[in-house]
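Note sheet for the following structure.
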Amino acid sequence: MKIGSATHLTYCTNIHRGETWLDTFIGLKRHLPEVKRLFVPNETMGVGLRLSAIASEALVNASELEAFKDFLAREGLYVFTINGFPYGPFHGTRVKEDVYQPDWRFAERVAYSNRLADLLAELLPLDADITGSVSTVPATFRPIGAEPGVIERIAENLLQHAAHLVRLAERSGRTITLALEPEPMCYLETIEEAARFFEERIFSSPAVRRFADLTRLDAIAAERALRRHLGICYDVCHAAVEFENASESLARLARAGIGIFKLQLSAALKVPRVDARTIDQLRRFDDGVYLHQVVERKPDGSLVRFLDLEPAFANFDQAVGNEWRVHCHVPIFMSALPELDTTQDFLREILALHQRTPISNHLEVETYTFDVLPEELRRVDASTAIARELGWVRDILTA
């Protein structure tokens, strides 16, 4: 739905299982009309589409695409953003650090992202004012980023994709953006790291010259096109886990001229003071499917990072009394869970800032972990929980 004149609110359909297009479409037909009925029965509703690589390959088929468009029109739905982060399987199997692969080193990631952009240009409503966004992995997994030559390859592939977006805009008249999503333990982990990467690798003079060669634009037009097409997906859960300062992190991106093309509305687990019960409390969330990165803040303000819950548990003796934040997306309407807190307060701060000065035109609730959360958090069906999350955001933004 639209909030105000230009902001679109949706949820990410990565919460629903489905890797093939057939399975994905079945899930969309099951859930989207029900979420809309519960959330905005009398308005059109936006869709944050998640497509795996194999699903996207099937959807480019003209008959499949037309059938999907017919479904959207019939149900009063429209697609304006795509989650292009997980390339392969995302439910029911171990995902962990494999979710970043293939990363931006590889041609497969470029081809996948090109295909998603092409599909989104076809799916966008006819309203010329609506741009499309595709969120993606934050370059690569952190250890890989330290290998020689990796970041140079990543930057080149991002420029190649941006050139594809320029050509797509020229032939379709639609603007599609790519939004890199900083995440704990990735090469782009903090907002400061993301800003420096863009300044040094994407918007620098050598990068602009290279992009001008790729697009045959002059230097001024090339830089404008890069800034128009490449930017950030600000995931509120990830930023909270990293103990970001909300206003300062947004100001840092603004100073660098980096667009926030998608604002993912999400909340993480928070343990204000680690104690003897912490491990028992958190083991209920150790699902074996997703990475649950942990960031610990010491009394002096310094941060210690752990790839997953088990390494954090192993360091428990040194953590007693400190604060832990855990990368586990939990329902955003919950300020606390049984014996644990959430980072909903950070999300409320971000939404308050958005009310004063819009952060992004694309707002997407993303709680993809619903089917692996502890049973007491799954006592309503997924569609009801999604509609409640969307209603919670709407009520705050329209208060």
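Read-outs throughout are calculated quantities, based only on the coordinates presented, and are distinct from any laboratory measurement. All of these numbers come straight from a predicted model, not from anything done at the bench. Every residue, glycine among them, receives a Cβ derived from its backbone with ideal geometry; neighbour counts consider all protein chains shown.
Given the convex hull of the Cα atoms of segment 284-324, what is a quarter of its surface area in nm²? Mind dumping the intermediate values first?
On the way: hull surface 11.7 nm².
For the Cα atoms of segment 284-324, the hull's average projected area reads 2.9 nm².
Ignoring GluC sites (Glu not before Pro) that are buried or in helix or strand per DSSP, and keeping those with at most 13 other beta carbon atoms within 10 Å, what is the longest stretch of the chain between them?
The answer is 44-338.
When all alpha-carbon pairs of the chain are counted, what percent fall beyond 36 Å? Don't skip to the end; give the middle numbers.
Details: 15516 of 79401 pairs.
In whole percent, the share of Cα-Cα pairs in the chain beyond 36 Å is 20.
DSSP beta bridges in the chain, what fraction antiparallel, as a percent rounded to 5? Don't skip to the end; give the middle numbers.
Details: 19 of 48 bridges.
Taking every DSSP beta bridge with both residues in the chain, the antiparallel ones total about 40 percent.
With only alpha-carbon atoms in the gyration tensor, what are the semi-axes of the equivalent ellipsoid for segment 139-190, in Å, largest first? Could the numbers behind the result be given before it?
Values: eigenvalues 146, 36, 4 Å².
Rounded to whole Å, the semi-axes are 27, 13, 4.
Where the centroid of each part is defined by its Cα atoms, how far is segment 217-260 from segment 18-53 in Å?
Centre-to-centre distance over Cα atoms comes out at 29 Å.
Among the lysines in the chain, how many pairs, 8 or more places apart or on different chains, have alpha carbons under 26 Å apart?
13
Can you list the trypsin sites (Lys or Arg not before Pro) in segment 83-162 that are in a DSSP coil and have 14 or fewer other beta carbons within 10 angstrom?
The qualifying sites are ARG94.
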